[in-house]
Amino acid sequence: MPSTKYIFVTGGVSSSLGKGIIAASLAKLLQSQGYSVTIQKLDPYINIDPGTLNPYEHGECYVTDDGAETDLDLGHYERFLNVPTSQANNVTTGKIYKSVIEKERKGEFLGKTVQVIPHITDEIKERIQTLGNTGEYDLIITEIGGTVGDIESLPYIEALRQMKWDLGQSNVLAIHLTLIPYLSAAKELKTKPTQHSVKTLMESGVQADILVCRTEHEIGNAIKEKLARFCNVDKESVIQSIDASTIYDVPNLMLEEGLDKVVLKKLNLKSDKPNLDVWNSFLKRYRNPKNKIKIGLIGKYVELQDSYKSILESFIHAGATNEVEVEIISIHSEYINKENVHSKLASLNGVLVAPGFGERGIEGKIQAIEYVRVNKIPFFGICLGMQMAVIEFARNILNLKDANSTEMVEETSSPVIDLMQSQKNIVNKGGTMRLGSWECDLKKESNAREIYNSNTIHERHRHRYEFNSDYLDKIESKGLIASGINSKTGLVEIIELNNHPWFIGVQFHPEYKSTVYNPHPLFVSFVKAGLEHSKLDL
Ligand code: GLN
């Protein structure tokens, strides 16, 4: 008897139905009943990881403690479960094939013809069970990316089919997330696309055990009965997932629908009342803000919600902690200039300059940072945002007029941000940045030290360039302090200004570590500074 049980979440009818949120919500409900759960995402694309993908293609690239560049759904898993994920939690077709081909080159298949079945499917099954074999988890929830029927998802569905046989029906469960569209002309919810999608899954030999039905309107009993009849499931296994005003409502909605109960029953596990006290007190604070502030988010992918996912979620956590509604005003850095900066930023209570790569939009970021520094508007710079704050300071306070990052202008005479020594001989782009969690010591009596209430912190990174320490003394002598340093390498991780209400730039990504149960201290403090700013009589 395997001790770990496996739950698969597949998607049908349409993409973007929110498989990640359903998986995370179910995991939350199971975790809140005492089960140890983790979630894994299988992505059917050929890239080894999303690290080389443009945010326009794939949204944010989420980074784990152990330095995996992963799908943004892993961010949801961590935010919901408050448990870190790792390399093993995100597998792509690229990774699967790479590993099988490497084994073939080593002769590990002993002269056999290497085929999709069994070699690719075995590799997939092995990756799924890597987490189970750690012995740490009662349940693994595996989300299969894409939509059933996609050519590229077929080996994953086949692996699921085989696992049902290998481990037994009561140890492996298939949840199918589907869409019930509403036709306004007919004023009717339609089940046919779901019937087809369940059939498509069956063509691959997998009977869905549970249907989770995304809908804009209540689906009611009659539709549940119809779906049960046509799709070969019992009625209690037809779960409605109605549009929610926040993703954080979904665990409670799934609880009302009994998703956790039916899952546990089918897996022969006992169910209890989940303890969601902390979760619900977060929701209560989130829903009942006492004040409202406006924060500008300056970046170059602002038209895409997913590109700065973790930052937006971190503001939700920090807003709830402060009982403040944080309205995010997205501002495209490319269109900020000297003439319009006042009109764009004057009414804000805080400005966050986002991470990023490449030259596009950086002058706008620098212009914005000058404005908030001079006008004492709270400023938070993340990664590229921190680097731009150093450049702004060097240009305008140290008078190094062409100060820049060598990422943007290689030949600049004042490279205040420069390629890290460890990066200088790297040619390959994928997975070669300074990634994952690194230690950082905080300077005594600094704002960072006070905010974290700790001498040492661990934060996640994703960058190639760094603060150039040749300029450290000069920059500090004018008041921009390096308040966080990696003691082993000497890399500057945090900069801050003292004569300013809140001006902090971080080389790392605090947004990856903010969760509902552990809102990130820097975001909490920044929102608090925004609140104080909003109360000033300007
Ligand atoms: N492009 C910058 C670097 O590589 C910043 C990276 C980031 O913002 N994640 O150092």
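The values are calculated or read from the model by the stated rules, or taken from the named source; none is laboratory data. As the structure is a computational prediction, the values presented were derived from the model and not from experiment. Cβ atoms come from the backbone with ideal geometry, glycine included; neighbour counts cover every protein chain shown.
Given the criterion free of Cβ contacts under 8 Å to residues at least 60 places away in the same chain and either within 20 Å of residue 42 (Cα to Cα) or among the aliphatic types (A, V, I, L, M) (or both), identify the matching residue among 140, 157, 124, 120.
Numbers: 140 fails: free of Cβ contacts under 8 Å to residues at least 60 places away in the same chain; 157 fails: free of Cβ contacts under 8 Å to residues at least 60 places away in the same chain; 124 fails: free of Cβ contacts under 8 Å to residues at least 60 places away in the same chain.
Within the list 140, 157, 124, 120, the selection yields 120.
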With a cut-off of at least 3 residues that are over 18 Å from residue 12 (Cβ atoms), name the strands (runs of 3 or more DSSP E) lying wholly within the range 199-300. 291-299
Tell me, please, whether a residue that is basic (Lys, Arg) and at pLDDT below 95 can be found in the range 191-209. no
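Could you check how many residues of the range 397-424 are more than 16 Å from the ligand (Cβ to nearest atom) and part of a loop (DSSP other than H, G, I, E, B)? Full working, then the answer.
Residues of the range 397-424 that are more than 16 Å from the ligand (Cβ to nearest atom), as a first pass: 397-402, 411, 413-414.
If we keep only those that are part of a loop (DSSP other than H, G, I, E, B) too, we end up with 397-402, 411, 413.
So the answer is 8.
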Filtered residues of the range 81-134 (kept if among the hydroxyl-bearing types (Ser, Thr, Tyr), loosely packed, with under 14 Cβ neighbours inside 10 Å and over 29 Å from residue 513 (Cβ atoms)): 113
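Looking at the structure I just gave you, is residue 530 more than 27 Å from the chain's Cα centre (by Cα), modelled with pLDDT of 95 or more, away from the ligand (no atom under 16 Å from the Cβ) and not aliphatic (A, V, I, L, M)? Let's see the steps before the verdict.
Details: more than 27 Å from the chain's Cα centre (by Cα): no; modelled with pLDDT of 95 or more: yes; away from the ligand (no atom under 16 Å from the Cβ): yes; not aliphatic (A, V, I, L, M): yes.
No; evaluated as a whole, the condition is false for this residue.
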Of the residues in the range 441-481, those that are away from the ligand (no atom under 16 Å from the Cβ) and under 30 Å from residue 47 (Cβ atoms) come to 458
When the residues of the range 313-324 are narrowed to those that are assigned to a helix (DSSP H, G or I) and aliphatic (A, V, I, L, M), which ends up surrounded by the fewest Cβ atoms within 10 Å (Cβ to Cβ)? 316
Could you tell me how many of the residues in the range 325-378 are buried (at least 20 other Cβ atoms within 10 Å of the Cβ), in a loop (DSSP other than H, G, I, E, B) and within 16 Å of the ligand (Cβ to nearest atom)? 4
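Can you tell me which residue among 160, 154, 177 is surrounded by 24 or more Cβ atoms within 10 Å (Cβ to Cβ) and within 14 Å of residue 121 (Cβ to Cβ)? Can you show your working first?
Numbers: 154 fails: surrounded by 24 or more Cβ atoms within 10 Å (Cβ to Cβ); 177 fails: within 14 Å of residue 121 (Cβ to Cβ).
Being surrounded by 24 or more Cβ atoms within 10 Å (Cβ to Cβ) and within 14 Å of residue 121 (Cβ to Cβ) holds for just one of 160, 154, 177, which is 160.
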State whether one or more residues within the range 268-291 are in contact with a helix residue (DSSP H, G or I) (Cβ under 8 Å, 6 or more places away or on another chain), crowded, with 23+ Cβ neighbours inside 10 Å and in contact (Cβ under 8 Å) with a residue 60 or more places away in the chain. no
Could you tell me which residue of the range 430-459 is surrounded by the fewest Cβ atoms within 10 Å (Cβ to Cβ), considering only residues that are under 26 Å from the mean Cα position of the chain (by Cα), assigned to a loop (DSSP other than H, G, I, E, B) and modelled with pLDDT of 95 or more? 453
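If you go through the range 22-35 one residue at a time, do you hit one that is under 13 Å from the mean Cα position of the chain (by Cα) and either within 30 Å of residue 438 (Cβ to Cβ) or acidic (Asp, Glu) (or both)? Quick ask: steps written out before the conclusion?
Let us first name the residues in the range 22-35 that are under 13 Å from the mean Cα position of the chain (by Cα), namely 24.
Those still in the list that are either within 30 Å of residue 438 (Cβ to Cβ) or acidic (Asp, Glu) (or both) too: 24.
For the range 22-35, residues under 13 Å from the mean Cα position of the chain (by Cα) and either within 30 Å of residue 438 (Cβ to Cβ) or acidic (Asp, Glu) (or both): present.
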Unique residue being of a type in the set (S, T, N, Q) and surrounded by fewer than 23 Cβ atoms within 10 Å (Cβ to Cβ) when the list is 197, 170: 170
